[in-house]
Amino acid sequence: MSDSSTENLVDLPPSAKLVYKVLEYNGPLTQKGIVEESMLSARTVRYALERLEEINAVDEDVYFADARQNLYEITGEICAVCDD
């Protein structure tokens, strides 16, 4: 992974870092689950997820229990960079 992705993760707004940490501690969650765990507004969580997707820090999958929702989880490559 390049140094620019590390800088991108460090330079994200606090809400995006909080969403990242919530996913790191709780594993894959829906947007609604992230809202409940982080106590951020739905709009703030949507914005944070967009920012995290821009730097490929999270993956978006279909949530099979309810196809109207998406399941978000941390990608492996960014996670390894964060632990350093």
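Structural remarks
- The residue that is modelled with the lowest pLDDT, counting only those in region 1-27 that are over 17 Å from Arg46 (Cβ atoms) and not in a helix (DSSP H, G or I), is Met1.
- Region 34-62, subset surrounded by 18 or more Cβ atoms within 10 Å (Cβ to Cβ) and in contact with a Phe, Trp or Tyr (Cβ under 9 Å, 6 or more places away or on another chain), residue nearest to Pro14 (Cα to Cα): Ala48
The values are calculated or read from the model by the stated rules, or taken from the named source; none is laboratory data. These figures come from a predicted structure and were not determined experimentally. Note: ideal-geometry Cβ built from the backbone for every residue, glycine included; neighbour counts use all protein chains shown.
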